[in-house]
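Have a look at the structure below, then the notes.
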Amino acid sequence: MTLNDLRNYNKWIGETAQTVYLSVLAAGGWKNVFPTSVPRWASRVRNYFNVTPKTLKRLPEDKSKQLIKQVQRFKFLLDCHAVQSFNRTHQNYRMNPWGKLDPPPLKVPAGCPAKPDKDVVHIGVMDEIGTRFGLDDFVYQDEANRLWYQMSAGSTIYHYGKRPKVKSVEAVVVDKIKGQNDTPVFKMINPDNTGGSNEIILKNKGYDMIGEVNQQFSTREMVETKPIYQGSYNFSETVQVGLAAHELRDIKPHSDAHDFYLNPVDRFSPLSMRRFPAKDPKGKLLADQK
C-alpha cells in the first residue's frame with residue numbers, strides 16, 4: 001500500500017491489519033501517514049491493530065531498567081537537545097593559546113541527531129514532565145516475546161471513574177499521592193516500531209506491580225473490557241514520540257461514546273486474522289467519516 005492508500009479508508013476495506021501495519025512501517029510510521037490530524041474513521045478502527053497478550057511475566061529489575069532506558073526514545077532526544085543547547089550557549093568560541101577551539105563543555109551522547117525535531121524544540125513544560133515520567137519501573141514479556149511497559153499510575157486517569165477535568169493536575173495527584181497500589185487499574189504499552197503502540201488496561205487489587213519475577217500469569221480475567229475504559233491502540237506513543245504527538249493523534253480524536261471504537265471479534269487474535277469492515281455497526285460507511 002502506498003502513502004496515499006494509507007490515507008484512504010476505501011483502500012483498507014477487506015485488507016488485514018497486518019497488511020496495513022507493514023505498509024505503515026514501510027512508510028516511516030504513523031506520523032508520516034497522519035502528519036497533522038487523524039480522521040474519524042482511522043480513530044474508530046484503531047483497535048484492529050491492538051493485539052492483547054494472553055499471558056505476561058515480569059522481568060528482573062536489572063533487565064527492566066535496561067529496557068526502559070532503550071525504549072524512551074523521546075526522552076533521549078530531549079536530553080540531546082538540552083546538551084546541544086547548553087554547548088551552543090556556553091562554548092568558548094575564541095581560539096586558545098594553541099590556536100584551536102576548546103571542546104564543548106558537555107559531551108554529546110552518541111546517536112544524537114545533528115538537528116532536533118520541532119516537537120523536541122517546542123515541547124511545553126507539562127508535556128516534557130509527562131514524557132519523562134510516563135513509565136514505571138516494571139517491564140513484562142508476553143507469550144509472543146513482545147515487551148510491555150507498565151506506565152505510571154498518573155497515566156491511567158482516562159481508564160476508570162469520571163473523565164478528568166484538569167488532566168495534568170489529576171495525573172500528578174494519582175501518581176504522587178494515591179500511587180499505583182491505590183489505583184484500580186494498571187496501564188501497559190507495547191511500542192510496535194511505527195511510533196505507535198499496543199495498549200492494555202488490567203484490573204488492580206491493591207498492588208504496585210503484577211506477579212513475581214519470571215512467573216507467567218494469565219491476563220484473560222484481568223483485562224478491562226468496558227468500551228469507555230479499555231485500552232486502545234495508540235498512533236503516537238508518548239515515550240517514543242512525545243506527549244504532544246500522543247495528544248494530537250490519540251487523545252484529541254478520542255470519544256467516550258460506548259460504540260465509538262470498532263473492535264476485532266477476538267482481542268487476542270493476530271493481525272493477520274483481522275480484516276477491516278466497510279461499515280460501522282449502524283451501517284454507515286466508515287470511509288465517509290472524516
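The values are calculated or read from the model by the stated rules, or taken from the named source; none is laboratory data. Since the model is a prediction, treat every value here as computed from it, not as a measurement. Using ideal geometry, Cβ is built from the backbone for each residue, glycine included, and neighbour counts are taken over all protein chains shown.
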Which numbered condition trips up Gly99, out of (1) over 17 Å from the mean Cα position of the chain (by Cα); (2) part of a loop (DSSP other than H, G, I, E, B); (3) at pLDDT 85 or above?
(3)
Just to check your reading of the model, which residue among Val213, Val185 is at pLDDT 95 or above, farther than 26 Å from Trp30 by Cα and within 20 Å of the chain's Cα centre (by Cα)?
Val185
Which members of the range 239-290 meet the condition of being within 20 Å of Phe34 (Cα to Cα), more than 23 Å from the chain's Cα centre (by Cα) and among the small types (Gly, Ala, Ser)?
Ala287
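Identify all residues within the range 33-82 that are of a type in the set (S, T, N, Q) and within 19 Å of Pro113 (Cα to Cα); write none if there are none.
Gln70, Gln72
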Filtering the range 83-93 down to residues that are outside any helix (DSSP H, G or I) and surrounded by 13 or more Cβ atoms within 10 Å (Cβ to Cβ) yields Gln91
Considering only the range 107-139, how many residues are at pLDDT 85 or above, assigned to a loop (DSSP other than H, G, I, E, B) and under 19 Å from the mean Cα position of the chain (by Cα)?
0
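Before we move on, is Cys80 surrounded by 17 or more Cβ atoms within 10 Å (Cβ to Cβ), modelled with pLDDT of 85 or more and in contact with a Cys (Cβ under 7 Å, 6 or more places away or on another chain)? Walk me through it before giving the result.
On the way: surrounded by 17 or more Cβ atoms within 10 Å (Cβ to Cβ): yes; modelled with pLDDT of 85 or more: yes; in contact with a Cys (Cβ under 7 Å, 6 or more places away or on another chain): yes.
When the stated conditions are applied, Cys80 passes them.
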When both residues are 6+ apart or on different chains and their Cβ atoms are under 9 Å apart, which pairs have a first residue that lies in the range 176-200 and is surrounded by fewer than 23 Cβ atoms within 10 Å (Cβ to Cβ), and a second that is basic (Lys, Arg) and modelled with pLDDT under 95?
Pro184/Lys205; Pro191/Arg73
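Within the range 245-276, take every residue that is in contact with a strand residue (DSSP E or B) (Cβ under 7 Å, 6 or more places away or on another chain) and of a type outside the set (Ser, Thr, Tyr) and give me the one that is surrounded by the fewest Cβ atoms within 10 Å (Cβ to Cβ).
Among those residues, the one meeting the criterion is Arg275.
With among the hydrophobic types (A, V, I, L, M, F, W, C), in a helix (DSSP H, G or I) and under 26 Å from Asp62 (Cβ atoms) as the only criterion, which of Val172, Val239 stands out? Spell out the reasoning first.
Working: Val172 fails: under 26 Å from Asp62 (Cβ atoms).
Answer to the check: Val239.
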Counted residues, the range 135-159 - those being touching a residue at least 12 places away in the same chain (Cβ under 8 Å) and surrounded by fewer than 17 Cβ atoms within 10 Å (Cβ to Cβ)
4
Counting only residues that are part of a loop (DSSP other than H, G, I, E, B) and in contact (Cβ under 8 Å) with a residue 24 or more places away in the chain, which one in the range 160-169 is surrounded by the fewest Cβ atoms within 10 Å (Cβ to Cβ)?
Arg163
